[in-house]
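First comes the structure, then the notes that go with it.
The values are calculated or read from the model by the stated rules, or taken from the named source; none is laboratory data. The shown structure was predicted, so the numbers you read here are calculated from the model rather than taken from an experiment. Cβ atoms come from the backbone with ideal geometry, glycine included; neighbour counts cover every protein chain shown. Ligands, DNA and RNA are stripped out before the accessible areas are found, and what is left, the full protein with its side chains, is counted by its heavy atoms. Shrake-Rupley method; radii C 1.70, N 1.55, O 1.52, S 1.80 Å.
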Amino acid sequence: MPESTNLRLRLPLLCIILEVILIILFGTLVEYNHDTDAKLWNKGINQNATRHDYENEFYYRYPSFQDVHVMIFVGFGFLMTFLQRYGFSSVGFNFLIAAFSLQWATLMQGFVHGLHHGKIHVGVTSMINADFCTGSVLISFGAVLGKTSPVQLLVMAIFEVTLFAVNEFILLSVLGANDAGGSMTIHTFGAYFGLMVTRVLYRPNLDKSKHRNSSVYHSDLFAMIGTIYLWMFWPSFNSAITNYGDPQHRTAMNTYYSLASCTLATFAFSALVSPEGKLDMVHIQNAALAGGVAVGTAGEMMLTAFGSMIVGFLAGTISVLGYKYLTPILESKLKIQDTCGIHNLHGMPGVLGAVVGAITSAMASKEVYGNGLHRVFADATDDKWDPKSRGGFQAVSLAVTLAMALLGGLVTGFILKLPIYGSPPDTHCFEDELYWEIPGEEEGHNELKEVASPSEEEKLSS
Amino acid sequence: MPESTNLRLRLPLLCIILEVILIILFGTLVEYNHDTDAKLWNKGINQNATRHDYENEFYYRYPSFQDVHVMIFVGFGFLMTFLQRYGFSSVGFNFLIAAFSLQWATLMQGFVHGLHHGKIHVGVTSMINADFCTGSVLISFGAVLGKTSPVQLLVMAIFEVTLFAVNEFILLSVLGANDAGGSMTIHTFGAYFGLMVTRVLYRPNLDKSKHRNSSVYHSDLFAMIGTIYLWMFWPSFNSAITNYGDPQHRTAMNTYYSLASCTLATFAFSALVSPEGKLDMVHIQNAALAGGVAVGTAGEMMLTAFGSMIVGFLAGTISVLGYKYLTPILESKLKIQDTCGIHNLHGMPGVLGAVVGAITSAMASKEVYGNGLHRVFADATDDKWDPKSRGGFQAVSLAVTLAMALLGGLVTGFILKLPIYGSPPDTHCFEDELYWEIPGEEEGHNELKEVASPSEEEKLSS
Amino acid sequence: MPESTNLRLRLPLLCIILEVILIILFGTLVEYNHDTDAKLWNKGINQNATRHDYENEFYYRYPSFQDVHVMIFVGFGFLMTFLQRYGFSSVGFNFLIAAFSLQWATLMQGFVHGLHHGKIHVGVTSMINADFCTGSVLISFGAVLGKTSPVQLLVMAIFEVTLFAVNEFILLSVLGANDAGGSMTIHTFGAYFGLMVTRVLYRPNLDKSKHRNSSVYHSDLFAMIGTIYLWMFWPSFNSAITNYGDPQHRTAMNTYYSLASCTLATFAFSALVSPEGKLDMVHIQNAALAGGVAVGTAGEMMLTAFGSMIVGFLAGTISVLGYKYLTPILESKLKIQDTCGIHNLHGMPGVLGAVVGAITSAMASKEVYGNGLHRVFADATDDKWDPKSRGGFQAVSLAVTLAMALLGGLVTGFILKLPIYGSPPDTHCFEDELYWEIPGEEEGHNELKEVASPSEEEKLSS
């Protein structure tokens, strides 16, 4: 076991310092918002209150929040357990960096999106937004999976969350972009950030660990738990922070149809690109989800089920083709070692989603949206609103996101290259044993029938 | 590997053609409904609106929808992973045919339940109904599990979804039946349809694959994931499309009590029928769910917790006894090879549920239901309403369902018998390797300590 | 196989008798409540109704109920699958005793919390409360895991549920305590009850089974499913029965922050206490959850995110240290064999949660809570309310809970010691094979390529 990967001091120190900083900042900056504060929420009571408890944002948002929460912790966590000897790290590091990121994101998003009298207000919407930002970090985690220490991952999260918040602010507040499901802010940003990081951290001798960079039968089944949860709850993800009523309802449904269509495309192309016509678990686990990514921007618009299904079909197709043909080229030509193939699941489908969002915005009209127009496009409050211009700003938002992600990933990659984080050597990538106590082998199964004495049993198990 | 099972052209072609047809039909026929359309939902706004966003059907139905969705994709998918070498197919084919069926079902149910000016209106309720229809197909899948190619399964789904919609229309619209949780429409229909299909597809030499037609330790644990999710969310399944308020609330609770009681019966009879008094995972995984099936019709009625528990207890009992004594007879005498034992989980408990529903309907009265009577029995709008007649129609509904299922399964079975679908040979049933890329074996666990050189390690792993 | 563990008669008899008693008692005592009864809920209808369906408690509580339900059946069930040869029993017995306990708890809690004209009224709130009581039994199950027969566990549940209901009544109704998330009623009670039971059932020769009292690689991944679900849904657990509106919203958020902070503490101290700086799955699986336990009482109060994070950090820290240093001492000195380490996950964090609750109560004021004060502290209806006194009663509640748990566990332990329950011998603890049909070994994976004849294959598999 290489001594340099012993994290006994580094990991505890970093975790404790970060959490202490978080606690201090929360103590000085964070307050309950109107719907979580006992005094504020109950202000009108005993007078002729027109507000009722069922109007608390909790009842509109909390079920969606829980679905998103499952995607972040079970979805992303188990999706990455496909590696044969990296299940503890996949679920465990996912858990650690998500728990950190959601706290840090609350602060960063609170800062840039505007303080209230110097305070950050929190409630279920901020919880969803923090989980969203965390999702972006976990996407990047997919690119460097198996090749980074938990200390490195935490440092990556510090920078990525911060830049995420800045990029999100530019898109939503400066450019007025629509991106409720985060095709740009979450998927495109997380993917290209992660790809740039893994490019900078390029390991020429990674093939020394290639025998561990693959799945086994049961690890693929664990990964399917992640896939299916992501697939099922993606409608909640895309609709979690849209406006109440028809936008939330419509977004969930558009996403549902996009994913269903995407799944058929995925199975079709997975079999087609195999000489023996066999399905590949890598495609099913990942490409079938691309449909959710690709309607992340347009999902809240009047995209129709028809439009959603076309987008989903395209997303599944490019994702499978990406896994089959593009990923090997990225590795051999561009030196981008993308463990989970996030370029195919989040990168290209994210860009597709941004483009679809720009087009759908540009086609919006009062005829189609009626009085609901400004509930989707916040600035469409008067008749002078120009959908073409809105579409243009959406396209600019994509460009900004790509630039922020690539630049941010570049800088962060170099910071992560410092030889101080206990990163695994090339010979021990994709291996839990570096950072985890690993249990021994299983006992023989039929020991009871053999009436072995305890001492014999212990010999057998040793 | 038999050449005839190579699906390289057949599967992609079928998937792509089906999805293109779906997209065209959705484009011409499907529209947002009142609660998902931006224009329609916001019509009253700016005037003195009496409708509020919290009245959107999304907030009444979407949490239930998500629970149902989990049952369809995780519940059914993982329940069938109990087979030792069929986990990829169980979860994967479940995923494929569910993703297809929910789209096809939206169209078929939309057609027969009535178009609005030539259009099918979609929203969360249609999503739940589509998932319900999909559930029926997945029940049938359980009967033929391991013995069919994905092409065959898609063809089966095309026919079964269509017939499901017709049968559902006859029951709900013509006969005015109550069946919110689908004891008849979903469970009885899916079970007897599937049993008839597997009867027609009878394989006299299936014992050539019998060594694979069983579980291993970890595959049984994966299957328990499916079981537990089905069990937990069944209250949401049965209550998902009942009327708002007391019926939805009551249905969930009745189902909860039925399942709890059923579980105790299952454990009791599983131990009792074993000579050594040992529990059998097959019973626990399946029979404990029969209580949910058996209150699928009566759950929304004033069945009481007491009644629900009795029904649940009966359902668990007949289900265990079915697995132990009836399934072997069905196979040896009637040539029905029922891989998952759907007759015990969905068939008999579904019929029981229909009978319980008929009796409970016949006992309904204004005294018990008060003003809520017509919210459960839609035609009970005046004093002339006769519960006895309602009970009679419920019984007729069961007969119609059985006839439709058996006849439909017969025809579909013969269609599936054509030798063009890449069906597995008798020697290779219950085997993922026919249709999936299978990963290699796991590396030795303690390699790190052995300081093996990479070349040696690769020798070991080969 | 020891004959004395054959449960063929004992288990069925007990299950059937218990369920018959339950059914009879439900038949005579249980009624639908106002929100589940067709007549009562629809009383005002057709007149000028001021009540609407969206005000039915179902819509406020059911999503939380489902999350709690997942914690009880998947969370607790899979958390205990970490043992290499006890997965069937962990999930299966969890399933059995939970299904029994939730029925029994409905009756016991209904009795002591007050009958309505001689009847127990049930609805979603009683379902949540029954699940809560069940959680307490499952905590105790963790202490005796692997060392008890299902018959013993059912007997334990009978007594523990009864005492739980009495203790809960004393706390909530007599002492007027706040304990929405059950730091005292659920966690402290369940933990010390279970610890006392396992103390009485002390096995001096348990090390004969110690080779099975550990995990293997995949069993730790199954356990992580339990952990992550418990972690994600704990905000729903703590907020499930608080008042509507701001208290429910605030509780969920406080719990979210406590858990995030706790997770960082857990990773920090897990690495710190390991000589090689390696993370231990036992800590991650358990200690990361202590933050949810520790805000079970104060979560609904104005604890702030800041306070929640401090409490979570402390809870994670003491929990890891408990696993590392205290558990071995408890076993060697006090003869407490605590399989899952419930003292570290539920015992100490539960006491911490009670203390935090007492302090936070004592600091409550009209300035901070405004008109919301009496919605958290039910007796704070006039200006004479004294928070100090409330804090004192909270402390008394903890003392009562500890006394009830220890005394109840003592008596129950001696009852469970009777040699009539088919308890496993010391040599066969932590072993599924005693009570379950165990499937055979897996077939060779690459058999297809070897073109083995069926007869040869069967030789291989035998």
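Residues of the range B:312-325 that are within 30 Å of B:Asp246 (Cβ to Cβ), of a type in the set (A, V, I, L, M) and open to solvent by less than 10 Å² (accessible area, probe 1.4 Å): B:Ala315 alone.
Taking the criterion of being open to solvent by less than 60 Å² (accessible area, probe 1.4 Å) and farther than 19 Å from C:Val295 by Cα, the residues of the range C:366-393 that qualify are C:Gly370, C:Asn371, C:Gly372, C:Ala380, C:Trp385, C:Ser389.
If you check B:Met302, B:Met309 for being within 10 Å of another protein chain (Cβ to nearest Cβ), open to solvent by 10 Å² or more (accessible area, probe 1.4 Å) and modelled with pLDDT of 95 or more, only one passes: B:Met302. When C:Pro328, C:Pro349 are checked against the criterion of being free of Cβ contacts under 8 Å to residues at least 40 places away in the same chain and not aliphatic (A, V, I, L, M), a single residue qualifies: C:Pro328. Would you check if C:Pro275 is modelled with pLDDT under 95 and out of contact with any helix residue (DSSP H, G or I) (no Cβ under 6 Å at 6 or more places or on another chain)? It is true that C:Pro275 is modelled with pLDDT under 95 and out of contact with any helix residue (DSSP H, G or I) (no Cβ under 6 Å at 6 or more places or on another chain). Looking at the structure I just gave you, is A:Ser140 touching a residue at least 24 places away in the same chain (Cβ under 8 Å), closer than 30 Å to A:Ser4 by Cβ and among the hydroxyl-bearing types (Ser, Thr, Tyr)? It is true that A:Ser140 is touching a residue at least 24 places away in the same chain (Cβ under 8 Å), closer than 30 Å to A:Ser4 by Cβ and among the hydroxyl-bearing types (Ser, Thr, Tyr).
Conditions tested, residue by residue: (1) touching a Pro at 6+ places or on another chain (Cβ under 8 Å); (2) more than 12 Å from every other protein chain (Cβ to nearest Cβ); (3) closer than 30 Å to B:Ala143 by Cα.
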site	(1), (2), (3)
B:Ala358	no, yes, yes
B:Ser365	yes, no, no
B:Gly370	no, no, no
B:Asp386	no, yes, no
B:Ser389	no, yes, no
B:Phe393	no, yes, yes
B:Leu406	no, yes, yes
B:Val411	no, yes, yes
B:Ile415	no, yes, yes
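Against the test of being in contact with a helix residue (DSSP H, G or I) (Cβ under 8 Å, 6 or more places away or on another chain), within 30 Å of A:Phe222 (Cα to Cα) and open to solvent by less than 10 Å² (accessible area, probe 1.4 Å), the options B:Thr242, B:Thr227, B:Thr297, B:Thr251 yield a single qualifying residue, B:Thr227. The one condition from (1) within 11 Å of chain B (Cβ to nearest Cβ); (2) over 23 Å from B:Leu230 (Cβ atoms) that C:Val91 does not meet is (2).
Look at the range C:196-219: where a residue is more than 28 Å from A:Phe88 (Cβ to Cβ) and within 8 Å of chain A (Cβ to nearest Cβ) and a partner is outside any strand (DSSP E or B) and at pLDDT 95 or above, sitting 6+ places away or on another chain with Cβ atoms under 6 Å, you get C:Lys208/C:Asp426; C:Lys208/C:Thr427. Scanning the range A:234-256 for residues that are part of a helix (DSSP H, G or I) and either polar (S, T, N, Q) or more than 7 Å from chain B (Cβ to nearest Cβ) (or both) gives A:Trp234, A:Pro235, A:Ser236, A:Phe237, A:Asn238, A:Ser239, A:Pro247, A:Gln248, A:Thr251, A:Asn254, A:Thr255.
For the range A:112-145, residues that are open to solvent by 10 Å² or more (accessible area, probe 1.4 Å) and at pLDDT 95 or above total 5.
When A:His445, A:His428 are checked against the criterion of being at pLDDT 90 or above and either open to solvent by 70 Å² or more (accessible area, probe 1.4 Å) or more than 26 Å from A:Ser136 (Cα to Cα) (or both), A:His428 stands alone in meeting it.
Being at pLDDT 95 or above and either open to solvent by 40 Å² or more (accessible area, probe 1.4 Å) or acidic (Asp, Glu) (or both) is the requirement here; does B:Phe414 meet it? When the stated conditions are applied, B:Phe414 passes them.
The requirement of being over 16 Å from the mean Cα position of the chain (by Cα), farther than 20 Å from A:Val74 by Cα and at pLDDT 95 or above is not satisfied by C:Leu96.
Within the range A:295-319, being closer than 17 Å to A:Gly391 by Cβ, among the small types (Gly, Ala, Ser) and not in a loop (DSSP other than H, G, I, E, B) holds for A:Ala298, A:Gly299, A:Gly307. Only helices (runs of 4 or more DSSP H) whose full extent lies in the range C:334-404 are considered here, and the ones with at least 1 residues that are at pLDDT below 95 are C:366-369, C:373-376.
For the range B:257-280, a residue qualifies if it is assigned to a helix (DSSP H, G or I) and open to solvent by 10 Å² or more (accessible area, probe 1.4 Å), and the qualifying residues are B:Phe269, B:Leu272.
In the range A:368-385, the residues that are of a type in the set (S, T, N, Q) form Cβ pairs under 8 Å with partners that are in a loop (DSSP other than H, G, I, E, B), at six or more places apart or across chains, as follows: A:Asn371/B:Asn42; A:Asn371/B:Lys43; A:Asn371/B:Ile45; A:Asn371/B:Asn46. Of the residues C:Val161, C:Val174, the single one that is under 24 Å from C:Val74 (Cα atoms) and aliphatic (A, V, I, L, M) is C:Val161. Of the candidates B:Leu79, B:Leu11, the single residue that is modelled with pLDDT of 95 or more and either of a type in the set (Ser, Thr, Tyr) or more than 19 Å from the chain's Cα centre (by Cα) (or both) is B:Leu11.
Scanning for something in a helix (DSSP H, G or I), in contact with a Lys or Arg (Cβ under 9 Å, 6 or more places away or on another chain) and modelled with pLDDT of 95 or more, does the range B:170-189 turn up at least one residue? No - not one qualifying residue is present in the range B:170-189.
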